Amino acid sequence: MDKSLKADVRGLLGRLPLFAAVDGAALDRIADTVSEHRLIRGEVLFRQNDPCTGFYLVVHGQIKLAVSAPNGNEKVLEIISAHMSFGEAVMFLGRPFPVTAEALSDSLVLGIPREPVQELIDTDKLFARKMLAGLSLRLHSLVQDVEGYALRSSTQRLIGYLLREAGDGGLAQGALEIDLPTSKLVLASRLSVTPETFSRILHSLSSAGLIAVDGKTIRVPDVARLRDFDA
């Protein structure tokens, strides 16, 4: 590992909510085992059914988690941004990765092996509770996704996504500007719509004066109107 990065690994880990309360000696032990993965856009970190030996932390960049069908179709399950982690749940199951992880942009990812994490769980109750809380939040997010696919229209799903990206929280007023984190093709898969449907919805919302699209930038002149829009 690059010396300058190795010196900062401990700090990177310590800023994660999961590791924030871990004592210095334990954090040093984990930092010594971390592997560095520098990925260019389109490079795969691991593939579906590869063995899982730990979990990962994105230092910068974006990672797409997706599954592929036998016919080659791909479904994007999640987009992991900087300072987010992934792979924790699979690590404990002793099973292969159920997804493929691919860089959506040039990325730096740290790999954290299973053994020191299991040692921390055995010796640090606060760490164990935080690990459970993180996994519970991820499960809650997946349940919300399933609920959205089942009960909300494709237009409502896109509007919900835009408001979440803007950090709306149901409270924002006035105008918003949202920079889409990745391509419209990837976002369409993430929202379980076809690229054609995704483009049609953007055009429809634009025609209604609810948004203005400029490349990857979405401008919302009145967030209250967008939030209340009944598709």
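Things worth noting here:
- Only residues that are open to solvent by 70 Å² or more (accessible area, probe 1.4 Å) and hydrophobic (A, V, I, L, M, F, W, C) were counted across segment 179-202, and they come to 1.
- The C-beta contact set for segment 184-211 (first residue closer than 26 Å to GLN62 by Cα and at pLDDT 90 or above, second residue open to solvent by less than 60 Å² (accessible area, probe 1.4 Å) and among the small types (Gly, Ala, Ser), distance under 7 angstrom, 6+ apart or interchain) comprises THR197/SER154; PHE198/ALA188; ILE201/SER154.
- Scanning segment 142-178 for residues that are open to solvent by 80 Å² or more (accessible area, probe 1.4 Å), outside any helix (DSSP H, G or I) and at pLDDT 70 or above gives ARG152, GLU177.
- Check on VAL90, at pLDDT 85 or above, within 24 Å of ALA20 (Cβ to Cβ), of a type outside the set (Gly, Ala, Ser) and assigned to a helix (DSSP H, G or I): yes
- Every test in (1) modelled with pLDDT under 85; (2) within 15 Å of LEU16 (Cβ to Cβ); (3) surrounded by 14 or more Cβ atoms within 10 Å (Cβ to Cβ) is passed by LEU135 save one, and that test is (3).
- Members of segment 58-80 that are of a type outside the set (A, V, I, L, M), open to solvent by 40 Å² or more (accessible area, probe 1.4 Å) and in a loop (DSSP other than H, G, I, E, B): PRO70, ASN71, GLY72, ASN73
- Checklist (1) surrounded by 13 or more Cβ atoms within 10 Å (Cβ to Cβ); (2) under 19 Å from the mean Cα position of the chain (by Cα) applied to PRO116, failing item: (2)
- Exclusive hit being more than 16 Å from VAL44 (Cβ to Cβ) and touching a residue at least 12 places away in the same chain (Cβ under 8 Å), set VAL59, VAL109, VAL99, VAL67: VAL59
- On the stretch given as segment 203-231, residues that are in a helix (DSSP H, G or I), under 13 Å from LEU162 (Cβ atoms) and open to solvent by 40 Å² or more (accessible area, probe 1.4 Å) total 3.
- Filter result for the condition that a residue is over 20 Å from VAL143 (Cα atoms), of a type in the set (A, V, I, L, M, F, W, C) and in contact with an Asp or Glu (Cβ under 6 Å, 6 or more places away or on another chain), over ILE40, ILE63: ILE40
- Figure legend. Inter-residue proximity from segment 19-44: first residues modelled with pLDDT of 80 or more, second residues among the polar types (S, T, N, Q) and open to solvent by 30 Å² or more (accessible area, probe 1.4 Å), beta-carbon distance below 6 Å, spacing 6+ or different chains. Indicated pairs: ARG41/SER105.
The values are calculated or read from the model by the stated rules, or taken from the named source; none is laboratory data. Since the model is a prediction, treat every value here as computed from it, not as a measurement. Quick reminder, even Gly has a Cβ in these numbers, built from the backbone with ideal geometry, and neighbours come from all protein chains shown. Remember, those area values only see protein heavy atoms, side chains included, never the ligands or the DNA or RNA. Shrake-Rupley method; radii C 1.70, N 1.55, O 1.52, S 1.80 Å.
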